[in-house]
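*Asks:* Would you mind keeping the following structure in view while I ask a few things?
Read-outs: derived from the displayed coordinates by stated rules, not from any lab. In this text the structure is predicted, and so the values were computed from the model without any measurement.
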């Protein structure tokens, strides 16, 4: 499978995830030369070895330039210094105010380019825990050769998140509230791909972080941040709030490509499957808990499967055995030798609701910054993690704008959350929401009806 094939398919027909046959690497000189470059240029350079000759590089550079031209900050993903050794990487300056925009704006243009060349249409079905859906809508709205169906768990995302999905008014976009949690939505999505007849019938594609192109597009901001802080001449560490593990694995991908990352701390909320897996090898579904950081309310972290594959010596048979067992038993124990390899890169911490609220308040008091609950989870994990000054700077990844979670921010700080113009605009627009049970057959019927409309 080539890059364009993996991009367009998203998920393999057997339910497996695509990974590169080998990881291309950037030299120390190439990494050093990224410092100070425009974000779009860095993106084109990082993607180039994966794309090869499949898309001409002048086209890749143009698509990257177009993808990031509309971001609200000229640096696209700026760094803010918090103390002598801690920086905040702001990933919320895109059209839907969340980190998913950074990859999705590029994916939308890549899809449009390929589909136009092939004179094809495609149906994208997306499962979201809050932010992927809004980013997908902003990336694919109005495209003539794309239909987009977004599945989200009803009542488990914020109103601001929901309105980014439901107020577009575009004929090629449908949003569906599923009577279940995100894991139900994600399980339905995987089942749709595993039905080869259905997938072919509707020309199915996926843009969740199960799509490998999303991972590589997200790895770019790790390169940008690290180069700005002195890489490759010193290591840089990252603390990443995580649910589905895509953002954290994007950091692993950057490290595999030669970026000198020291440690990546995966920070979870009370839905702590990733934290338990990385600290004790206990990768087992618990009972999902609704929290103030809903994009992390996940009990099956899809991209953890990719990390397992890498740390199991890229043994596909072992990875299939392990995750087939997980699917049947709802849990598994990560073998000790694989866990040891994981811990060469990753640490992990789970953060309580009380600590999340406290960190929003503390950050506002100490820095004047309003941070969202997901960023607060990462900030709390950073304060509980020990880094020696010689370990290099620590970058806390801020994945969403505080405006997306106004109730949580206001409750913690006693102040109203900031309200960008786009949030005020969406609040006055009419929503369109369809509702379905957490049932694969019902979702298939709905998608078929949409395609045939």
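*Asks:* Can you tell me what share of the DSSP beta bridges in the chain is antiparallel? A percent to the nearest 5 is fine.
*Replies:* 15 percent
*Asks:* Where Rh denotes the Kirkwood radius from the mean inverse Cα pair distance, what is Rg over Rh for segment 163-228?
*Replies:* When Rh is taken as the Kirkwood radius, the ratio is 1.08.
*Asks:* Report P(r) for segment 169-328: all Cα-Cα distances, bin width 5 Å, range 0 to the bin holding the largest distance, values in whole percent.
*Replies:* 1, 8, 14, 18, 20, 16, 11, 7, 3, 1, 0
*Asks:* Over all distinct alpha-carbon pairs, what is the Kirkwood Rh of segment 201-266 in angstrom?
*Replies:* Kirkwood radius, segment 201-266: 12.5 Å.
*Asks:* Now for a separate question. Measure out, as a whole number of angstrom, how far apart the alpha-carbon centroids of segment 58-102 and segment 260-296 sit.
*Replies:* 25 Å
*Asks:* Something else about it: Could you let me know the centre-to-centre spacing of segment 144-182 and segment 391-453, using Cα atoms, in angstrom?
*Replies:* Centre-to-centre distance over Cα atoms comes out at 8 Å.
*Asks:* What is the diffusion coefficient of segment 318-377 in µm²/s, taking the Kirkwood radius over Cα pairs and the Stokes-Einstein relation at 4 °C with a viscosity of 1.567 mPa s? Could you put the intermediate results ahead of the total?
*Replies:* Details: Rh = 14.6 Å.
The Stokes-Einstein estimate is 89 µm²/s.
*Asks:* Please report how far the C-alpha centroid of segment 306-373 lies from that of segment 222-254, rounded to the nearest whole angstrom.
*Replies:* Segment 306-373 and segment 222-254 have Cα centres spaced 15 Å from each other.
*Asks:* Just the projected area, averaged over all directions, of the convex hull on the alpha carbon atoms of segment 49-144: how many nm²?
*Replies:* 8.0 nm²
*Asks:* Out of these labelled values of Rg/Rh (Cα atoms, Kirkwood Rh), (1) 0.93; (2) 1.06; (3) 1.70, which was calculated from the coordinates shown here?
*Replies:* Computed from the coordinates, Rg/Rh (Cα atoms, Kirkwood Rh) corresponds to (1).
*Asks:* Helix-only mean residue ellipticity at 222 nm, the chain, DSSP H runs n ≥ 4 weighted -39,500 (n - 2.57), per residue, nearest 500. What is it?
*Replies:* -14000 deg cm²/dmol
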